[in-house]
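The values are calculated or read from the model by the stated rules, or taken from the named source; none is laboratory data. Worth saying up front: this structure is predicted, and the values here are computed from it rather than measured. Cβ atoms come from the backbone with ideal geometry, glycine included; neighbour counts cover every protein chain shown. Calculation scope for accessible area: heavy atoms of the full protein, side chains included, ligands and nucleic acids excluded. Shrake-Rupley method; radii C 1.70, N 1.55, O 1.52, S 1.80 Å.
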Amino acid sequence: MGLIDRIILTLHMFISLAFAVGVIVLSSGLVPVDKMTPWLALLPGRWELVLGGAVFFALSVRLLFAAFGDKKARQLLIATGNDGAVTMQLDALEALLESLAKNTRGVKRVRVRIEQVEEKLQVNMRLDVTPECSLPEASRWLKERSREQLLHIVGFELGRFDLTVRGIATEDKQKNRVE
């Protein structure tokens, strides 16, 4: 589920929560129905409520398709033969390169995205580094190791390798200081 779908789901949850609380309050008798009758009489003919209901319905349908829609796995076809095919999830390769990058000195957090472009693999690596990390050395090392791993494991060459530094992480705030 993507970021947009998660935002829609959060909004949908809050609206559904408010509706559920309203139903509970009205049906339990906490608010007398005769006090609500004048307000309910104002509802027919209000186009903004119709529009809000239509948007809520559209969001519901969108979430339904996001939850149960076709989840096409991102796979890489490695080899085919008369007796079958060998495929690999791109998520597995991404996890491998993330592990490789996390073991690099000075790299804190890593996010890797791999796409197949023709017969080559394109790698987009985003990471946070510490001040001790030498970016030119780390980027050369990561690119070379990624090239070796992809060629060794799946037999595909590395095409484009993009490395983006999102931030420079300082000391963890979780560490306790002794004074």
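For the reader, a short list of remarks on this structure follows.
- Residues in region 1-30 that are over 24 Å from PHE65 (Cβ atoms), open to solvent by 90 Å² or more (accessible area, probe 1.4 Å) and of a type outside the set (Gly, Ala, Ser): 2 in all.
So that you can scan it fast, the table gives a plain yes or no per residue for (1) among the basic types (Lys, Arg); (2) out of contact with any strand residue (DSSP E or B) (no Cβ under 6 Å at 6 or more places or on another chain); (3) over 18 Å from ARG166 (Cβ atoms):
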{"residue": "GLY52", "(1), (2), (3)": "no, yes, yes"}
{"residue": "VAL55", "(1), (2), (3)": "no, yes, yes"}
{"residue": "PHE68", "(1), (2), (3)": "no, yes, yes"}
{"residue": "LEU77", "(1), (2), (3)": "no, no, yes"}
{"residue": "GLY81", "(1), (2), (3)": "no, yes, yes"}
{"residue": "VAL86", "(1), (2), (3)": "no, no, yes"}
{"residue": "ASP91", "(1), (2), (3)": "no, yes, yes"}
{"residue": "LEU97", "(1), (2), (3)": "no, no, no"}
{"residue": "LYS108", "(1), (2), (3)": "yes, no, no"}
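- Count of region 74-126 residues, restricted to those that are among the charged types (D, E, K, R) and assigned to a strand (DSSP E or B), is 7.
- Restricting attention to region 129-179, the residues being part of a strand (DSSP E or B), modelled with pLDDT under 90 and closer than 18 Å to LYS102 by Cβ number 2.
- Test: LEU77 is within 30 Å of ARG145 (Cα to Cα) and at pLDDT below 80: yes
- Among residues of region 1-30 that are closer than 16 Å to PHE57 by Cβ and free of Cβ contacts under 8 Å to residues at least 60 places away in the same chain, those with a Cβ under 7 angstrom from a residue that is part of a helix (DSSP H, G or I) and open to solvent by 70 Å² or more (accessible area, probe 1.4 Å), sequence gap 6+ or separate chain, pair up as ILE8/ARG62.
- Flag if LEU121 is of a type outside the set (Val, Ile, Thr) and either within 30 Å of CYS133 (Cα to Cα) or modelled with pLDDT of 80 or more (or both): yes
- Residues satisfying the stated conditions in region 34-65, i.e. surrounded by 10 or more Cβ atoms within 10 Å (Cβ to Cβ), at pLDDT below 75 and part of a helix (DSSP H, G or I): MET36, LEU40, LEU49
- Of the residues making up region 42-101, those that are among the charged types (D, E, K, R) and over 30 Å from VAL123 (Cβ atoms) are ARG46, GLU48, ARG62, ASP83.
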